[in-house]
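Contents: one structure, followed by commentary.
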Amino acid sequence: MPQDTNFVLNFQDSTQKIGKLLQEPIFTFSGHKSEGFAIDWSPTFAGRFFFFFHQQVRILSGDCLSRIHLWNPSNGKWAIDEESFKGHTSSVEDIQWSPSENNIFASCSADKTIKLWDIRTKKNCFLSVDAHDRDVNVLSWNKKISHLLASGSDDGSFKLWDLRKIKAKKAASNFRWHSNSISSIEWQPNHESILAVSSHNQVTLWDMSREEQTETGKNEEYPSQLMMLHQELKDVKELHWHKQIPGAIVTTSSRGFNVFKIHI
């Protein structure tokens, strides 16, 4: 939880649980009818947890049956809308709240699309883009430049999207350097141009400020935007930047947790 690091949220089978670290869950939601992979806390609502709310703390969760549910705290409990956001036709793979707009979020799916939503309207997303040639696995919304969104796919590509121009349904940049599916992607929280990407046994770091963002093909051995290639890993599933230690990254893989630090 961005507002209180003592709280965690996890998806287990078709249920989701909230609790403090090293404690039993304090809330469980069983409304999803299948397992899922997509969860995100709202970063724009500050406040205390549960009985001491000053403002709302919202959550979005998505499952393999294309359903997305909104959680709102209410009277010391969680009020979760039974009506889901409808639009995707396959598994919801990732969800990202806007870092600057309280009611806006993005989702990606195995249906190859990225969709933008306003939580005040559940019937339809307000924008849908055929984003990749295969499943769209992951999203990352730039915390410093709120109109910049990154996506990664099973086709091995990752793309940057300028949301001011996304109605044209064309990515601002398309990087096809990786030969395996993209399993995780995340902008560095304190540097607007630095992006971390994981794929199979690799983690790559990219600096998008190095030159004009253009399409990068697989034939280019080391693109100018590529800062670092870390290969001593195994089946990387997820990566995250440390918010207080610049340059520190933690990954999960088949060998466990990996932590490394670069100079940025």
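Reported count of residues in the stretch 66-81, each being within 17 Å of residue 117 (Cβ to Cβ) and either open to solvent by less than 30 Å² (accessible area, probe 1.4 Å) or not basic (Lys, Arg) (or both), is 8.
Among the residues of the stretch 125-136, those identified as open to solvent by 70 Å² or more (accessible area, probe 1.4 Å) and either within 27 Å of residue 81 (Cα to Cα) or in a strand (DSSP E or B) (or both) are 126, 130. Selection over the stretch 71-122 of residues that are in a strand (DSSP E or B) and under 28 Å from residue 171 (Cα atoms) gives a count of 19. For residue 122, the criteria (1) crowded, with 18+ Cβ neighbours inside 10 Å; (2) at pLDDT below 95 hold in every case but one, which is (1).
Please verify whether the stretch 4-21 includes one or more residues that are more than 18 Å from residue 140 (Cα to Cα), in contact with a Pro (Cβ under 9 Å, 6 or more places away or on another chain) and either at pLDDT 70 or above or assigned to a loop (DSSP other than H, G, I, E, B) (or both). So far as the stretch 4-21 goes, no, none of its residues is more than 18 Å from residue 140 (Cα to Cα), in contact with a Pro (Cβ under 9 Å, 6 or more places away or on another chain) and either at pLDDT 70 or above or assigned to a loop (DSSP other than H, G, I, E, B) (or both). Pairing residues of the stretch 237-258 that are more than 18 Å from residue 94 (Cα to Cα) and at pLDDT below 95 with residues that are open to solvent by 30 Å² or more (accessible area, probe 1.4 Å) and of a type in the set (A, V, I, L, M), at Cβ distances under 9 Å and at least 6 apart in sequence or on separate chains, gives 242/250; 242/259; 246/264; 247/264; 257/250; 258/250.
For the stretch 137-151, a tally of residues being under 21 Å from residue 36 (Cα atoms), open to solvent by less than 10 Å² (accessible area, probe 1.4 Å) and of a type outside the set (A, V, I, L, M, F, W, C) returns 2.
Flag: residue 57 matches the condition of being open to solvent by less than 10 Å² (accessible area, probe 1.4 Å), touching a residue at least 40 places away in the same chain (Cβ under 8 Å) and in a loop (DSSP other than H, G, I, E, B).
The values are calculated or read from the model by the stated rules, or taken from the named source; none is laboratory data. Remember, predicted model here, so these are calculated numbers, not experimental data. Every residue, glycine as well, gets a Cβ built from its backbone with ideal geometry; the counts of neighbours run over all protein chains shown. For accessibility, only protein heavy atoms count, side chains too; no ligands or nucleic acids. Shrake-Rupley method; radii C 1.70, N 1.55, O 1.52, S 1.80 Å.
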